Amino acid sequence: MTGQELKSFLDEKYLLYNQLRFIETDPISVPRLFSRKEDIEIAGFLAATIAWGQRPTIIRNANKLMDWMEHRPFDFITQSNVEHFDRFGDFVHRTFNGIDCRYFLHALREIYREEDGLEALFVEGFQHGGSIMSGIIHFREKFLSYAPEIRTQKHVANPLKGSSAKRINMFLRWMVRDNRTGVDFGLWKDIPASALMMPLDVHSGNVARKLGLLKRKQNDWKAVDELTSRLRDFDSEDPVKYDFALFGLGVFEKF
């Protein structure tokens with residue numbers, strides 16, 4: 001395919017898969033249960049955190065967390081004490097267990113009580129360093145500053161060590177991209193969609209390589225940078241819209 005043909009192909013697939021009908025089977029269905037900004041952020045962050053493995057299991061376990069927070073995630077996080085988090089000690093999603101879950105709730109409580117929330121942390125890091133990587137790094141440093149166990153730290157991606165940060169980039173896509181189609185939320189206005197980085201996973205990486213968009217073999221931060229740079233050639237203002245195309249091709253069409 002020529003460059004223009006490839007762009008047309010990806011634009012077509014983006015329009016096909018960036019649709020409300022796909023929300024029900026996607027982890028974004030969990031924050032879509034809420035209308036309050038803070039509830040959406042917290043539900044979205046927790047759903048994104050456990051977004052690996054089978055999607056029905058991800059959604060079921062994320063909804064379990066919402067049930068245990070009485071479907072009031074912001075109120076529960078900010079008004080609860082440590083004892084209220086004990087019920088989450090039995091939570092398990094793959095390698096993310098009760099120890100990790102309780103720490104995440106504790107860190108979120110401190111961030112919303114003392115740091116003006118998740119948006120403020122990501123925006124501060126983004127504005128300081130001028131990139132999504134700097135936003136993620138700043139967020140990670142603060143989020144892990146409340147003495148977590150070593151095992152919990154691996155659940156917050158570190159692009160400085162090469163992580164693709166797929167789940168955080170997906171969460172940022174949800175929060176930042178315009179909500180004109182009713183899929184992403186467009187809640188955060190101080191980070192432009194043009195700065196977002198691709199939520200790279202096995203599916204999107206394999207499709208990107210087949211299409212000649214990605215040469216790097218590892219799904220790491222260098223691959224994220226390479227792929228996002230290529231996609232900016234097609235849409236400099238909204239490169240990660242093609243996440244819908246690549247993921248849809250990989251999951252629904254087995255491209």
When you check A157 against the structure, is it open to solvent by less than 10 Å² (accessible area, probe 1.4 Å), among the aliphatic types (A, V, I, L, M) and either out of contact with any Lys or Arg (no Cβ under 6 Å at 6 or more places or on another chain) or under 27 Å from Q54 (Cβ atoms) (or both), yes or no?
no
If you take the residues in the stretch 179-225 that are among the small types (G, A, S) and part of a loop (DSSP other than H, G, I, E, B), which one is most open to solvent (accessible area, probe 1.4 Å)?
G212
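Condition check ((1) modelled with pLDDT of 95 or more; (2) over 19 Å from S134 (Cβ atoms); (3) out of contact with any Phe, Trp or Tyr (no Cβ under 6 Å at 6 or more places or on another chain)) across all residues:
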position: D190; (1), (2), (3): yes, no, yes
position: T228; (1), (2), (3): yes, no, yes
position: D233; (1), (2), (3): yes, yes, yes
position: S236; (1), (2), (3): yes, yes, yes
position: F244; (1), (2), (3): yes, yes, no
Identify all residues within the stretch 179-194 that are under 16 Å from L121 (Cβ atoms) and touching a residue at least 12 places away in the same chain (Cβ under 8 Å); write none if there are none.
L187, W188, D190, I191
Restricting the stretch 11-35 to residues that are closer than 20 Å to H93 by Cβ and not in a loop (DSSP other than H, G, I, E, B), the one most open to solvent (accessible area, probe 1.4 Å) turns out to be E24
Given (1) under 21 Å from V202 (Cβ atoms); (2) of a type in the set (S, T, N, Q); (3) assigned to a helix (DSSP H, G or I), where does S134 come up short, assuming only one miss?
(1)
For the stretch 226-255, which residues satisfy the criterion of being within 17 Å of R177 (Cα to Cα), open to solvent by 40 Å² or more (accessible area, probe 1.4 Å) and not polar (S, T, N, Q)?
R232, E237, F247
Does the stretch 14-33 contain at least one residue that is touching a helix residue (DSSP H, G or I) at 6+ places or on another chain (Cβ under 9 Å) and farther than 29 Å from F234 by Cβ?
yes
Of everything in the stretch 226-255, what is among the hydrophobic types (A, V, I, L, M, F, W, C), over 10 Å from Y14 (Cβ atoms) and part of a loop (DSSP other than H, G, I, E, B)? Give them in sequence order.
F252, F255
With (1) free of Cβ contacts under 8 Å to residues at least 40 places away in the same chain; (2) within 20 Å of the chain's Cα centre (by Cα); (3) more than 29 Å from K189 (Cβ to Cβ); (4) open to solvent by less than 30 Å² (accessible area, probe 1.4 Å) as the list, and F96 as the residue in question, which single condition is left unmet?
(1)
In the stretch 164-178, residue surrounded by the most Cβ atoms within 10 Å (Cβ to Cβ) [restricted to those that are in contact with an Asp or Glu (Cβ under 8 Å, 6 or more places away or on another chain) and over 22 Å from Q127 (Cβ atoms)]:
S164
F122 vs (1) in contact with a Phe, Trp or Tyr (Cβ under 8 Å, 6 or more places away or on another chain); (2) closer than 23 Å to V202 by Cβ; (3) of a type in the set (A, V, I, L, M, F, W, C): all pass except (2)
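The values are calculated or read from the model by the stated rules, or taken from the named source; none is laboratory data. As the structure is a prediction and not an experimental result, all values here were calculated from the model. All Cβ positions, even for glycine, are placed from backbone atoms using ideal geometry, and neighbour counts span all protein chains on display. We work out accessible area using only protein heavy atoms, side chains counted, and drop any ligands, DNA or RNA first. Shrake-Rupley method; radii C 1.70, N 1.55, O 1.52, S 1.80 Å.
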